[in-house]
Structures are given as structure tokens and as C-alpha cells.
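The values are calculated or read from the model by the stated rules, or taken from the named source; none is laboratory data. It should be emphasised that the depicted structure is a prediction, and the values quoted were computed from it without experimental measurement. Cβ sites come from the backbone with ideal geometry, for glycine too, and all protein chains shown count toward neighbours. The protein model used for the area step is the full one, side chains on, heavy atoms only, and it has no ligands, DNA or RNA in it. Shrake-Rupley method; radii C 1.70, N 1.55, O 1.52, S 1.80 Å.
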Amino acid sequence: MALDPADQHLRHVEKDILIPKIMREKAKERCSEQVQDFTKCCKNSGVLMVVKCRKENSAMKECLTAYYNDPAFHEECKMEYLKEREEFRKTGIPAKKRLQKVPTSM
């Protein structure tokens, strides 16, 4: 039985793992300044990072959590996932491979 590319039904693994993964990746991009500040602080603080980087950690968590709790952001990520899945079901080619540049001969 072939899967309908336009089917919008989500399996548990998609709802609980795959879409949250997209959300984490996109939230990290959108909070890149806070993530970079925290990373830089950790690198500069060594074993004292737990104490020294509280401010940066809080700012990063606050930014990421705002995205994780935003229903519109969740919907955006879900639609992105469904679009990728639909494309995969049509072509049989995973998004990662479709996005790679095709080598051209000179």
C-alpha cells in the first residue's frame, strides 16, 4: 500500500521526536546570539561554568523555551516537516540528498 503524499496524519514518532527535533534546530538558529554567548562563556570558564555562566544560560533557556511554548512556531515546524515528508513520498529522495548540490562536469 503506497502512502498518500498529501496525507496529514502524524505518527507518534513524528509528533514526539521528529517535529520536536526540527523545533530544537530552528530555535537554536533563532536564539543563536544567546547560544553563542553561553558557549563562549563555558569555553572561557572551564569547571566554573556552572557558577559563572548562569546569566548566559538563563538567557539562552528563556529564548529557547519561548519558541518551544509558541503554538505558531510548533505549527510552522509541523508544516515544514509535512512538506518534507510529502516531497519524500513523491520522489523517494530524502530532503538531505535533495538539498545537496549535484556535481556538474566542466
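Pairing residues of segment 29-55 that are closer than 20 Å to residue 68 by Cβ with residues that are open to solvent by less than 90 Å² (accessible area, probe 1.4 Å) and not in a helix (DSSP H, G or I), at Cβ distances under 8 Å and at least 6 apart in sequence or on separate chains, gives 38/53. Looking at the structure I just gave you, is residue 32 surrounded by 11 or more Cβ atoms within 10 Å (Cβ to Cβ) and within 25 Å of residue 79 (Cβ to Cβ)? So residue 32 passes the test.
Among the criteria (1) in contact with a helix residue (DSSP H, G or I) (Cβ under 6 Å, 6 or more places away or on another chain); (2) open to solvent by 70 Å² or more (accessible area, probe 1.4 Å); (3) modelled with pLDDT under 95, the one residue 95 does not fulfil is (2). For segment 38-91, filtered to residues that are among the acidic types (Asp, Glu) and part of a helix (DSSP H, G or I), the residue that is surrounded by the most Cβ atoms within 10 Å (Cβ to Cβ) is 56.
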